[in-house]
Amino acid sequence: MPSADGFIKSTAGGRFAATFMIDDLMYNFSGSFASSVPAFTCNTATITYSGLKNLNSTRSFEGRVGPSKVQLNLANGPVIDGVLDMPLSPGSTVSGSGVWTQN
């Protein structure tokens, strides 16, 4: 399956943005966590996906943030994961939704 490198940044308000460069286009997955998650940054994120058709629309996800990694499993198949720049303790399971945009 194809993959691409990028980054994830979140705020203490539970919002996040994940950005990846694919075929010279910037793909952004922006959304919010259903529960409170401390702010974090992951500058070494990777997305693995089966096709670009999976990187569109609004998508729900489940996953885990912390203590040292982040992983978001999107409902339609793509997986975003990486090592956190700074550990979060304790780690927590997360869920929520986000929307894909391209530019």
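The values are calculated or read from the model by the stated rules, or taken from the named source; none is laboratory data. Quantities reported herein were computed from a predicted structural model and do not represent experimental measurements. Methodologically, a virtual Cβ is constructed for each residue, glycine included, from the backbone with ideal geometry; neighbour enumeration extends over all protein chains shown. Heads up: the accessible areas ignore ligands, DNA and RNA and are worked out on the full protein's heavy atoms, side chains in. Shrake-Rupley method; radii C 1.70, N 1.55, O 1.52, S 1.80 Å.
Results, tabulated for the structure shown:
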item	result
15 Å beta-carbon shell around M86, net charge (K/R +1, D/E -1)	+1
Radius 15 Å from Cβ of S30, net charge of other residues (Lys, Arg +1; Asp, Glu -1)	+3
Cβ-defined net charge surrounding Q102, 15 Å radius [Lys, Arg +1; Asp, Glu -1]	0
Test item: Cα-centred dipole of the chain, Lys/Arg +1 and Asp/Glu -1 on Cβ, debye	260 debye
1.4 Å probe accessible area per residue over the chain, in Å²	51 Å²
Carbon plus sulfur fraction of accessible area for the chain, probe 1.4 Å, in percent	54 percent
Spherically averaged projected area of the range 1-87 from its Cα convex hull (nm²)	5.1 nm²
For the range 93-103, Karplus couplings with θ = phi - 60° (6.51, -1.76, 1.60), whole Hz, Gly/Pro x	7, 9, 8, x, 8, x, 10, 8, 9, 10, 7
Backbone HN-Hα couplings from phi across the range 32-44 [Karplus 6.51/-1.76/1.60, Hz, Gly and Pro as x]	9, 8, 6, 10, 5, 10, x, 4, 8, 9, 9, 8, 10
Rough spin-label spacing in nm, given labels placed 7 Å along Cα→Cβ, for S50 and M86	3.9 nm
D81, D24, ranked by accessible area, largest first (probe 1.4 Å)	D24, D81
Label-point gap, in nm, between S36 and A17 - each point 7 angstrom along Cα→Cβ	2.5 nm
